[in-house]
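Taking it in order: structure first as structure tokens, then the write-up.
The values are calculated or read from the model by the stated rules, or taken from the named source; none is laboratory data. All values derive from a computational prediction rather than experimental measurement. Because the Cβ atoms are built from the backbone with ideal geometry, glycine has one as well, and the counts that use them run over all protein chains shown. For the accessible areas, the whole protein counts, side chains as well, though only heavy atoms, and no ligand, DNA or RNA atoms are used. Shrake-Rupley method; radii C 1.70, N 1.55, O 1.52, S 1.80 Å.
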Amino acid sequence: PLGMCESALEFARIARENDYHNFVFSMKASNPKVMIEAYRLLVARLDAEGEDWNYPIHLGVTEAGDGEDGRIKSAIGIGSLLADGIGDTIRVSLTEDAIHEVPVAQAMARPFNELVPAPAETGSEQLVASYDPFSYERRASLPLTIMGHELGGEKTVRVFTTQERWNALAHKIAGMGDFKPEIIFEKSGVVEIDPRDEAAVSGLNGRTEPTLVTVKDGLELEVIHAFRELAFRVDPRHAILLKDTLLPPAGDTDFLEALLPAARNIGSLLCDGIGDAVLVRGETAPGQSLRLAYNILQAAGTRIFKTDYVACPSCGRTLFNLQHTTQKIRAATGHLKGVRIAVMGCIVNGPGEMADADFGYVGGAPNKINLYVGKTAVKFNIPEAEAVERLIDLIREHGKWVDAPEPATAEV
Ligand code: SF4
């Protein structure tokens, strides 16, 4: 992030020396954590440069991929910054027909366009962030065990569900593979408080044993800020359960309308190191809400349980059918936990945008593919028809291949 920021400022200085001011800043990255830190750093630097450095900011997560994962990654990166008050224009980049990007971007921006800014409070206590906004470090809670699952400290971030949803899924939990619920909210002993309630906070901070704590439902507080306040006020030894909403819906919800705020609220907090467990209730379908919870953890880089894909959105330079190929690669490699694969349309910008992918599948010439290990090209001009097989060979050669398990029978 620091390098991205310095480089942007260097170009801005050249433009300003030539009295050119008609530009916007953009600090896109494919990793939401990196992207959030880079934009925050940039805004801090622009503030420090002076009032006449208030250029507009364009937000985007590059190579976010497709489907649910692409939307979640975009919502974490773009949504977190919009919630921080940063950003004037946005672009959602999906490896899908460009027309699908627009409704996602509109839904993402809508709550912020409709927001009425609160009047500045005077005389109230200034909260200092409990985290470093410019570099990631997980909040140092103490570990505890709930329903046989360890959480807190450096332990795995756990996935909660409600008793009602657990009951609805009970007959198929054994077959849910990587999307199983782990802890029942009502049986967890979690303490729910209003983070502004001083008596409740000091009661909790008086406890010596580590306790799981969350923000209570029904408060008229914006979710991200409510949990930031909780993390600020509650002693760090107490682990935090993150919720996607404080006002869970009673009836059915539109999946995109549930996905975007869930990814933004939970993802933003996880990227700031806050959160030891998560509960998604904005999506009312029990299985789908669990899949969403796990996918948010994966996109935030918090709990890697499947293959991670970086795929460019395609453009005039793309040298093969990117959507079709990405789906083919997903189908062949989707069981490789923790392996990061980049699918990029051209060698002009592709290799530079692959971030920290383990393997790259990049268009080298029309219908010819180059394969990469990290940032190094190792196979050249492979005919497209056999390139996915050669990619699998390469993954095998580097000891990252395992055979796919038998497909789970339960639907999620
Ligand atoms: S084809 Fe190349 S230039 Fe176009 S979006 Fe993909 S990586 Fe970027």
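Values as computed for the structure displayed
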{"item": "Single residue of the range 349-361 satisfying the filter (near the ligand (Cβ under 8 Å from one of its atoms) and not acidic (Asp, Glu)) that is farthest from His398 (Cα to Cα)", "result": "Asn349"}
{"item": "Single match in Gln323, Gln298 (criterion: within 16 Å of the ligand (Cβ to nearest atom), touching a residue at least 60 places away in the same chain (Cβ under 8 Å) and polar (S, T, N, Q))", "result": "Gln323"}
{"item": "Among the candidates Gln288, Gln323, residue that is open to solvent by 20 Å² or more (accessible area, probe 1.4 Å) and in the same structural domain as Ile382 (by TED's automatic domain parsing)", "result": "Gln323"}
{"item": "When residues of the range 250-273 are limited to those that are under 28 Å from Thr211 (Cβ atoms) and not hydrophobic (A, V, I, L, M, F, W, C), the one surrounded by the fewest Cβ atoms within 10 Å (Cβ to Cβ)", "result": "Gly273"}
{"item": "Residue count for the range 212-249, restricted to those that are surrounded by fewer than 20 Cβ atoms within 10 Å (Cβ to Cβ) and among the small types (Gly, Ala, Ser)", "result": "1"}
{"item": "Residue ranges of strands (runs of 3 or more DSSP E) in the range 357-406 with at least 1 members touching a residue at least 40 places away in the same chain (Cβ under 8 Å), under 19 Å from Gln327 (Cα atoms) and not aromatic (Phe, Trp, Tyr)", "result": "359-365, 368-373"}
{"item": "Residues of the range 22-49 satisfying the condition of being at pLDDT below 90 and either surrounded by fewer than 16 Cβ atoms within 10 Å (Cβ to Cβ) or in a strand (DSSP E or B) (or both)", "result": "Ala29"}
{"item": "Checklist (1) exposed (fewer than 14 other Cβ atoms within 10 Å of the Cβ); (2) modelled with pLDDT of 95 or more applied to Ala385, failing item", "result": "(2)"}
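Here's the yes/no breakdown for (1) more than 9 Å from the ligand (Cβ to nearest atom); (2) in contact (Cβ under 8 Å) with a residue 60 or more places away in the chain; (3) outside any loop (DSSP other than H, G, I, E, B):
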| site | (1), (2), (3) |
| --- | --- |
| Ile304 | yes, no, no |
| Val310 | yes, yes, yes |
| Thr318 | no, no, no |
| Arg330 | yes, no, yes |
| Gly338 | yes, no, no |
| Ile341 | yes, no, yes |
| Ile347 | no, no, no |
